[in-house]
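Below is one structure, written out as structure tokens; the observations come after it.
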Amino acid sequence: MQRMLLSLPDPAVNLAVDEALLEAAECESGGEVLRIWEFAAPTVVIGRGSRLAAEVDADACAAAEIPVLRRTTGGLAIVAGPGCLMYSLVLDLRQRPALRTIDAAHRFVMESLLTALQPMIDGLQWQGTCDLTWQDRKFSGNSLRLARHHLLYHGTLLYGLDLPSVSRYLLPPPRAPEYRAAREHQAFIVNLPLLRRQLVAALEQAFPTQGVPAPPLPAATALAEQRYRDPAWTARH
């Protein structure tokens, strides 16, 4: 697995890099990758199957000039930006056939992350389908996409996000894990009291890497133009 530390100023291209990495792996021009990155400014990102009107306060986002983008993996809407470390994994299912089962894929990533983070801080748990929590509050949400031979798995690690912004830009979720217990956004999520560099170190420990791949910028730029910047793509469903 190779490591990519790549954060771009354009939010659409930033998001499209993940899909470009998956496509490169499927075409045999790329391989397994751990990408660690962050949005430069607040951004709302909805899941591949999300209904925009059910999850996002579009008027509030427009008034604040917050971009709303649709990702290529599942899950519900999030607010990302500074203080929300993003990670993306492209994993080869031919080398890891057990991960073709979605439950096994979640288990592999969640347990790997917990093993790396638990020595740094007490009170961490894996709850719901793929949430990591500290003191029963969520600091990491995750989603995935299965392709023919590869898996794209990505998620968030909160360490300094403007938490009130989540309530400003997102509606109450249309579905929620039982442990949420009907809590509003700000009572449910939490920033880990860790530094960014500590989270990066935990990711690198959880998913050991060797080497650095070439960034798939032409492919990501094309995907951004074809889909990620297209209002019809974002508003579908």
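Below, the figures for the structure above:
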| read-out | value |
| --- | --- |
| Pro97, sole failed condition from (1) without any contact (Cβ under 8 Å) to a residue 24 or more places away in the chain; (2) under 20 Å from Asp131 (Cα atoms); (3) of a type outside the set (S, T, N, Q) | (2) |
| Criterion (farther than 17 Å from Leu157 by Cβ and touching a strand residue (DSSP E or B) at 6+ places or on another chain (Cβ under 6 Å)) met by exactly one of Leu5, Leu22 | Leu22 |
| Breaking point among (1) under 24 Å from Leu8 (Cα atoms); (2) out of contact with any strand residue (DSSP E or B) (no Cβ under 7 Å at 6 or more places or on another chain); (3) not in a loop (DSSP other than H, G, I, E, B), for Ala60 | (1) |
| For Ala214: the one exception among (1) under 29 Å from Phe108 (Cα atoms); (2) in contact with a Ser or Thr (Cβ under 9 Å, 6 or more places away or on another chain); (3) not aromatic (Phe, Trp, Tyr) | (2) |
| Residue within segment 35-44 that is of a type in the set (A, V, I, L, M, F, W, C), farther than 19 Å from Arg148 by Cα and touching a Lys or Arg at 6+ places or on another chain (Cβ under 6 Å) present | no |
| Residue list for segment 170-200, filter: of a type in the set (S, T, N, Q) and either more than 17 Å from the chain's Cα centre (by Cα) or surrounded by fewer than 14 Cβ atoms within 10 Å (Cβ to Cβ) (or both) | Gln186, Gln198 |
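Every number in this text was worked out from the coordinates using simple rules, so none of it is lab data. Please read these numbers as outputs of a predicted model, since none were measured by experiment. Here Cβ is always computed from backbone atoms with ideal geometry, including for glycine, and neighbour counts include all displayed protein chains.
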